[in-house]
Amino acid sequence: MSEKKKLVVDSIRSGTVIDHIPADRTLLAVEMLTAPGDQYLVGVNLLSTSMGRKGIIKFQNKVLDDAHLRTLAAIAPQATVNIIEDYNISRKLDLGVPDKVTGIFICPNQNCITNHESVPSVFRHVDKGFSCHYCERVFPVQRMKFHRPSI
Amino acid sequence: MSGPRPHRRPPFDRLRANGGKFCVMDEPLRAPMAPKHAASEFRHVVSINDFSREQLVRVLEVASKLEHVRDDRLKGRILATLFFEPSTRTRLSLEAAMTQLGGSAIGFADAHVSSAKKGETLYDTIRVLTQYADVIAIRHPLEGAARVAAEASSVPVINGGDGSNQHPTQTFIDLFTMAKAHPGLLDGSKEFTVALLGDLRYGRTIHSLIMALAYFRVRFRLISPPSLRLGDEYLELLSARGIPFEQGERLDEAVSGVDILYVTRIQEERFPDPVEYMRVRNSYQVRAESLGGAKSGFIVMHPLPRVNEIDRSVDDLKVTAYFAQAGYGIPVRKAVLCLVLGRL
């Protein structure tokens with residue numbers, strides 16, 4: 001690793017590195033994925049040749065489970081997830097764009113039935129953000145609230 | 001401190017089976033109920049967004065055939081009307097439609113007389129009602145309630161209005177009324193100019209109608225106070241479909257060169273800010289003298305109820321279509337009932 005890169009984000013021995021997070025969603029991803037006691041490093045607005053600006057999160061000794069990956073894919077489908085073992089990438093993973101996101105977001109529309117009944121929210125990815133399957137409204141990702149995945 | 005905790009085996013085995021992509025497409029936690037009856041053309045009528053142009057035309061064709069029919073084709077079938085919000089036309093025309101075809105209706109028209117008052121969930125109410133009725137019609141103040149009802153139900157669900165979201169059978173009625181006056185609308189033989197006047201921001205009938213008319217050859221005049229303009233998502237939809245539209249604020253722009261004027265009530269109950277409602281509530285009043293210079297074949301529609309946006313001086317004019325429009329609720333809802341119950 002070049003000296004310059006090392007200065008920006010230190011490497012970890014084992015855990016998970018989430019790279020290529022859209023810069024404006026990095027802190028949202030941190031909020032959604034972290035739990036008290038987690039050790040992690042966050043880089044925001046880092047230069048990226050492919051994205052312009054990006055975010056990165058490095059978790060020490062933590063591997064994201066299915067619920068976390070679904071959550072991450074919902075807000076940053078273009079992110080890559082690298083599993084680190086002994087300072088090397090043991091697995092590399094592209095998340096892909098989920099068609100449907102179930103049970104993760106809370107509908108920002110207070111008059112949506114999902115905020116009043118025990119109904120898991122269902123959102124679909126659309127050009128402008130997420131469309132609620134129930135109230136049919138579309139919200140940009142920045143307006144989305146979410147259920148924190150169980151730790 | 002000991003060394004790093006051994007981490008759990010990541011659940012990535014599925015990657016190999018999925019070409020390296022982690023599949024995050026998961027299904028709703030609650031699968032839709034299996035249908036109680038044999039296949040029908042439409043399972044539920046929840047949102048106009050679920051309907052193709054062909055399906056819309058099909059509903060109108062069936063409505064046209066059933067317009068003067070009174071028989072027993074729905075004999076023994078029960079409609080449950082669950083109206084958690086006030087309604088006159090929707091509930092009564094559904095019950096009348098059911099009765100005209102030999103069926104019967106049960107239900108309530110006030111949430112305070114149902115178990116919702118005791119805290120019963122909509123899901124439970126629907127699961128119970130599916131055992132009493134063959135088809136359910138619901139009106140609810142919360143958006144998405146009809147979708148939840150449809151997913152909980154083993155019998156067809158008809159949305160009679162869910163908050164400010166959808167009112168699909170009203171849209172069928174609006175299209176039916178338009179097609180009666182202008183048969184060329186459905187076959188696309190001519191382009192029609194439709195003016196939408198009033199509350200374009202909160203009105204659910206406006207939103208559903210725009211989605212439906214976007215399938216046909218129309219151009220829109222969108223006339224409203226600035227604060228009640230149509231939402232960007234609908235303007236973008238019109239642009240994406242290549243449908244011409246103009247926005248304006250003056251009543252005369254809604255008449256001159258227009259084929260259909262669709263007036264809506266400015267709905268006090270949808271305004272988050274009462275001061276804003278007071279500011280715009282009397283923005284327009286269509287009077288007989290406002291309609292001078294209208295095109296031949298011009299009609300005035302309104303989903304009703306009206307407050308004062310159409311003066312009584314318009315009621316007996318040849319161009320008046322809103323009372324007939326309310327009457328078409330019966331043939332259209334007969335068609336919907338027959339289509340969802342598979343009894344044509």
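The values are calculated or read from the model by the stated rules, or taken from the named source; none is laboratory data. Predicted model, so just to flag it, every value in this text is computed and none were measured. All Cβ positions, glycine included, derive from the backbone under ideal geometry; neighbour counts span all protein chains shown. Side chains are part of the model used for accessible areas, which takes the heavy atoms of the whole protein and leaves out ligands, DNA and RNA. Shrake-Rupley method; radii C 1.70, N 1.55, O 1.52, S 1.80 Å.
Subtracting the Cα-Cα distance of B:A96 and B:E54 from their residue separation scaled by 0.36 nm leaves 12.5 nm.
Each helix, a run of at least 4 DSSP H residues, gives -39500 (n - 2.57); summed and divided by the residues of chain B, these come to -9000 deg cm²/dmol at 222 nm. Taking Cβ atoms as reference points and 12 Å as the exclusive limit, the residues near A:I75 contribute a net charge of +2, counting Lys and Arg as +1 and Asp and Glu as -1. Listed cross-link partners A:K92/A:K145; B:K180/B:K318; A:K62/A:K145 are compared with a 18 Å cut-off, the Cα-Cα value being larger for A:K92/A:K145; A:K62/A:K145. The angle between the Cα long axis of helix B:89-100 and the longest principal axis of the Cα atoms of chain B comes to about 80 degrees, rounded to the nearest 10. In region A:33-120, Rg over Rh equals 1.03, where Rg is the alpha-carbon radius of gyration and Rh the Kirkwood radius from pairwise Cα distances. In whole percents, the pair-distance distribution calculated for region B:135-255 from its alpha-carbon pairs, binned every 5 Å from zero, is 2, 11, 18, 20, 19, 14, 10, 5, 1, 0.
Between chain B and chain A, roughly 3400 Å² of accessible surface gets buried, counting both sides and using a 1.4 Å probe.
Accessible surface of B:Y132, taken over heavy atoms with a 1.4 Å probe and every protein chain present, rounds to 140 Å². For chain A, the solvent-accessible area works out to 48 Å² per residue, with a probe of 1.4 Å and every protein chain left in place. The fraction of accessible area contributed by carbon and sulfur in chain B is 50 percent, rounded to a whole number (1.4 Å probe; ligands and nucleic acids excluded). To the nearest 10, the accessible area of B:E268 is 110 Å² with a 1.4 Å probe. Anisotropy class assigned to region B:239-280 is prolate, per the alpha carbon gyration tensor with a/c at or over the 1.5 cut-off and a/b larger than b/c.
Just to be sure I understand: of the beta bridges DSSP finds with both ends in chain B, what percent are antiparallel, rounded to 5? Close to 5 percent. Given just the C-alpha atoms of chain B, how large is their convex hull per residue in cubic angstrom? Dividing the Cα hull volume of chain B by its residues yields 218 Å³.
Roughly how far apart, in whole Å, are the Cα centres of region B:157-202 and region A:82-118? Value for the Cα centre distance between the two parts: 38 Å.
Within the accessible area of chain A, the carbon and sulfur atoms contribute 49%, probe 1.4 Å, all protein chains present. Once R0 is set to 22 Å, what does the formula 1/(1 + (r/R0)^6) return for the Cβ-Cβ distance between A:K145 and A:H116, expressed as a FRET efficiency to the nearest 0.05? So the FRET efficiency works out to roughly 0.90.
Note on exposure: B:H68, A:H133 ranked by accessible area (1.4 Å probe, complete protein assembly) read B:H68, A:H133, with the most exposed listed first. Per residue, chain B exposes 44 Å² of solvent-accessible protein surface, assessed with a 1.4 angstrom probe and all protein chains in place.
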